[in-house]
1. Any idea how far apart residue 103 and residue 61 come out in nm if each label point goes 7 Å out from Cα toward Cβ?
2. For the range 85-93, in order, what is each residue's ³J(HN,Hα) by Karplus, 6.51 cos²θ - 1.76 cosθ + 1.60 with θ = phi - 60°, in whole Hz (x at glycine and Pro)?
3. Describe numerically, in nm with one decimal, the distance between label points set 7 Å from Cα along Cα→Cβ at residue 2 and at residue 128.
4. Could you tell me how many degrees, from 0 to 90 and to the nearest 10, lie between the Cα long axis of helix 41-54 and the main elongation axis, the longest principal axis, of the Cα atoms of the chain?
5. According to a simple spin-label model (label point 7 Å from Cα along Cα-to-Cβ), what is the distance in nm between residue 118 and residue 96?
6. Can you tell me the length gained on complete extension of the stretch residue 31 to residue 76, counting 0.36 nm per residue apart and subtracting the Cα distance?
7. Specify which labelled value, from (1) -0.49, -1.19; (2) -0.48, -1.66; (3) -0.49, -1.44, agrees with log10 I(q)/I(0) by the Debye sum over Cα atoms at q = 0.12, 0.21 Å⁻¹ derived from the coordinates of the model shown.
8. Can you find, among 121, 51, 73, the residue farthest towards the positive end of the dipole of the chain? Put +1 on the C-beta of Lys and Arg, -1 on that of Asp and Glu.
Amino acid sequence: MKVLKFGGSSVGTAESILKVKSIIGSKKEACIVVVSALGGITDQLISISSLAESGNDSYREQLSDIRRRHFAVCDEVVADEAGRVRLKEAISSLLESLERICDGVFLLRVLPRKTRDEIVSFGERMSSLILQAVIPG
């Protein structure tokens, strides 16, 4: 079994995600796919966590930007409307959890390492949902 790892630039745009889909589809043997966050999202999540910790509520605007970017990618890579709706619902659920965590950091002005790590994990979690939606069964 092969393990395929795709970094942020490999999943940075809708076009690159479709290239990843093609690469995975060309493999004859079963694969485990590991995917990074969309390009730039990890840095943005680190920034969001720091803003929340410092009491700067502009982290909410960045969360909205992340939502818009992921939804735009969903619109470009998932042709099936029902599948796209399910994907956006799953991403929205993750983003709601992320927002609650960031709101807690904002209120407490405390950002333990474990919480920062959890915040950063949302990038990979969202990109893996997108890739899962575009790769056939």
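1. Label at residue 103, label at residue 61, 2.1 nm between them.
2. For the range 85-93, the Karplus-derived couplings read 5, 4, 5, 5, 5, 5, 5, 4, 4 Hz, x marking Gly and Pro.
3. 2.1 nm
4. Roughly 10 degrees, rounded to the nearest 10.
5. Modelled inter-label distance: 1.7 nm.
6. Numbers: separation 45, 0.36 × 45 = 16.20 nm, distance 2.46 nm.
Stretched out fully, the residue 31 to residue 76 stretch lengthens by 13.7 nm.
7. Comparing each candidate, only (1) matches the computed number.
8. Farthest towards the positive pole: 121.
Here, each number is a calculation from the coordinates, and none is a lab measurement. Owing to the predicted nature of the structure, the values given are computational and were not obtained by experimental measurement. Here Cβ is always computed from backbone atoms with ideal geometry, including for glycine, and neighbour counts include all displayed protein chains.
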